[in-house]
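For reference, the structure discussed in these notes is given below.
Read-outs throughout are calculated quantities, based only on the coordinates presented, and are distinct from any laboratory measurement. Since this is a predicted model, take the numbers as computed values, not measurements. Glycine also receives a Cβ, built like all others from the backbone with ideal geometry; neighbour counts cover every protein chain displayed.
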Amino acid sequence: MRRQTVKGQAGFTLIELLAVMAILGVLAALVAGTVVGLGNRSQSVRLDGDQTSISKAVNAFALEAFPEKFPIVAIGGGVTGNIAGIHEINFKTGLPQDPNKVFVPDFLSSLPDSSALVSWRMDTNSGNVFFAQDGSALIKPSNNRLDISVHPTTGSSSPSATSDYLLELSMAKDEAAPEIVKISIPAGYTLAGALASAGTLVGKLQVTLDTDNNVDPGQTIRFGGVVLTTSDPDQWVLVVDYNNYDSTGSATLSGGFRVKPANEATRVHTIDVVRPSSDSGGTLTLTIARGTDKEANKATEKWDMTLVGLATEKTQSYTVPSNSTSSEGGGVDANVSEANGFVPTGTNVTSTSSITIIANPGKSAVFRWSAQEHSTIAPVVGDTLFFVVLPGSQGVLIK
């Protein structure tokens, strides 16, 4: 038999070795992306696929179980902060009539890789399967909605160059509350105000708590706040004193009825500003100071935030509290009533000049705004936050 030799065979060149290392690096990044890249589009698709598979398997399990049973983790007594009917899914649950037939692998072929990063849950009242941050409260996921519209100036039937914009955020009771809301502004808009003095009012918030609130049940509660510029041109703040409210009923602050604890009723929410240009979009990122709030909304809420197209700069600015949470009474001076809502009084604040805050694009078209939300139970992996799209009417017609 003839013997083969490798004596004259050449090894890898340096360029070939570098090419192999580059390919291995790309493959490693792809593998890592399936584990930690939870916030990107591919992982959203993966989670959506797992959600569909788990939902089908849960339904099949419940149909075969006798008596009917869901593959969920039972909640022991003494657990607080959870909503009735919300449970984690137990992938090891066996059928009542045949414990050897287990949810995984008999109904769901294998444990999804995503279960190492998120907690898979079920609302037994609705049958909805969803994912959340592991260890977070067992509450309903957020189903918030954000509508965006332009408001023509008084006496006009169409938007002007500097019309106001209304952002309407609707939230339901017992659902996960928002922590971060990121609003994308289309290219072509002008978002000015960078040179305005700190403390200039550039927007206003009106909040309504529906009759399912726990402050004055059966009545509606109204309060609000103001959007102010800061010394940082790329950051605004939304200052709200939650305990400066009006009720359609008899609840009063003097009677001990408070929306937030007295020592943290004034909140300073931040708005990070990335300004759009003629060929690239911008963003407004609202980060909510939650203090000691629980994860779930305590009432059906409506936040109406108006961003002014034209602001009036002040000779004496409104004061912004130095901490994200502080005692009640720390917001701006305002009157709050059922008829007019939240109206800043601007005591000792004198107008000087008008400055443009929002300017519409200079062409006729429908401009598509959009929004995303990170809720109180949304997954966080390392430094990566998971966002979901906020639905709503977000197309603005400019004529």
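Tally Lys/Arg at +1 and Asp/Glu at -1 over every other residue whose Cβ is under 12 Å from the Cβ of G85; what's the total? It would help to have the intermediate numbers written out before the result.
Details: positive: R121, K140; negative: D123, D174.
Here the count lands on 0.
Based on other C-beta atoms within 10 Å, arrange H374, H269 from fewest to most.
Arranged by neighbour count, lowest to highest, H374, H269 become H269, H374.
State the extension gain, in nm to one decimal, for the chain segment bounded by D98 and V45, taking 0.36 nm per residue of separation less the distance between their alpha-carbons.
Gain in length upon complete extension: 15.6 nm.
Working out 0.36 nm times the residue gap between N128 and E68, then minus their Cα-Cα distance, what length gain in nm do you get to one decimal? Before the final figure, lay out each step's value.
Working: separation 60, 0.36 × 60 = 21.60 nm, distance 1.66 nm.
Length difference between fully extended and current span is 19.9 nm.
Running Debye on region 250-318 with equal point scatterers at the Cα sites and no solvent, what base-10 log of I(q)/I(0) appears at q = 0.15 Å⁻¹?
-0.85
Can you list the HN-Hα couplings for region 186-197, worked out from phi with the Karplus curve (6.51, -1.76, 1.60; θ = phi - 60°), rounded to whole Hz and with x for Gly and Pro?
Those phi angles translate into x, 4, x, 6, 10, 10, 9, x, 5, 9, 5, 5 Hz.
For V226, list long-range residues whose amide hydrogen, built 1.01 Å from N in the peptide plane, is under 5 Å from its own amide hydrogen.
For V226, the qualifying residues are L205, V239.
Near the amide H of T270, under 5 Å away, which other amide H atoms are found, from residues 5 or more places off or on another chain, if H is placed in the peptide plane?
L238, T287, A289
I need the phi-derived Karplus couplings for region 326-331: 6.51 cos²θ - 1.76 cosθ + 1.60, θ = phi - 60°, integer Hz, Gly and Pro marked x.
Those phi angles translate into 8, 5, 4, x, x, x Hz.
So for the pair T252, S337, with labels modelled 7 Å out along Cα→Cβ, what separation do we get in nm?
So the two model labels end up 1.7 nm from each other.
Could you please tell me the mean projected area of the C-alpha convex hull for region 41-132, averaged over all directions and given in square nanometres to one decimal?
The orientation-averaged projected area of the Cα hull of region 41-132 comes to 6.5 nm².
Using a 10 Å cut-off on Cβ atoms, rank the peptides 301-314, 241-254 from the highest mean neighbour count down.
Top of the packing list down: 301-314, 241-254.
Would you calculate the convex hull of the Cα atoms in region 260-399 and tell me its volume per residue in Å³?
Spelled out: Cα convex hull of region 260-399, divided by residues, is 189 Å³.
Considering amide H positions built from the backbone, and no H for Pro or chain starts, which residues 5 or more places from S163, or on another chain, come under 5 Å of its amide H?
Amide H neighbours of S163: N360.
Can you compute the modelled spin-label distance between V388 and S354, with each label point 7 Å from Cα toward Cβ, in nm?
Using points 7 Å along Cα→Cβ, the separation is 4.2 nm.
Taking just the alpha carbons, could you work out the radius of gyration and Dmax for region 145-398, both in angstroms?
Cα-based Rg and Dmax for region 145-398 come out at 18.0, 55 Å.
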